[in-house]
Amino acid sequence: MRALIQRVKEASVEVHGRIVSKMGPGLLIFLGIEEYDKRDDTEWLVNKINGMRIFSDANDKMNLSISDVNGSFMVVSQFTLHASTKKGNRPSFIKAAKPDKAGSEYESFCKKLQELSGLEVHQGMFGAYMMVKLVNDGPVTIWIDSKSKE
């Protein structure tokens, strides 16, 4: 399971010209689910993201978690995080989970994140063509992979 996390001032998701999700300050998480991801991957990633201290304290040091700043989350499914560009110029997505597995893992991730954090977890629309708008704060963008645990 892979996540690209962006600290944002605001973010929104639009589908067919309609805003389906919108939030203020917090973390926008692009989530890629691999075919062989398991419950342990979800739990590890949820715990890691929830505990990350990437918000600024009074001394402008990244020392606060999302709970400390009472932010919110937005999770957007993005199978392209598992793109392989090893051969040729057209990416391969064979490592990405099939939609039925990915959809249930995505929902599980969002539910566990909300349960652990107690914060709002906004969602994109799984499987839809989405227009994601964000105002990156910092910018702070972090890549996490549950297989390499980094």
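The values are calculated or read from the model by the stated rules, or taken from the named source; none is laboratory data. These numbers were taken from a predicted model, which means no experiment stands behind them. We place every Cβ from the backbone using ideal geometry, glycine too, and count neighbours over all the protein chains shown.
Can you find a residue in segment 102-125 that is free of Cβ contacts under 8 Å to residues at least 40 places away in the same chain and among the basic types (Lys, Arg)?
The answer is yes; a qualifying residue exists.
Whether any residue in segment 116-126 is among the hydrophobic types (A, V, I, L, M, F, W, C), in a strand (DSSP E or B) and out of contact with any Asp or Glu (no Cβ under 6 Å at 6 or more places or on another chain) is what I want to check.
yes
Please find, within segment 119-150, the residue that is surrounded by the most Cβ atoms within 10 Å (Cβ to Cβ) out of those that are of a type in the set (S, T, N, Q) and closer than 17 Å to residue 34 by Cβ.
Ranking the qualifying residues of segment 119-150, first place goes to 146.
Conditions (1) modelled with pLDDT under 95; (2) surrounded by fewer than 16 Cβ atoms within 10 Å (Cβ to Cβ); (3) of a type in the set (Val, Ile, Thr); (4) not in a loop (DSSP other than H, G, I, E, B), marked per residue:
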residue: 7; (1), (2), (3), (4): no, no, no, yes
residue: 14; (1), (2), (3), (4): no, no, no, yes
residue: 29; (1), (2), (3), (4): no, no, yes, yes
residue: 36; (1), (2), (3), (4): yes, yes, no, no
residue: 46; (1), (2), (3), (4): no, no, yes, yes
residue: 49; (1), (2), (3), (4): no, no, yes, yes
residue: 53; (1), (2), (3), (4): no, yes, no, no
residue: 59; (1), (2), (3), (4): no, yes, no, no
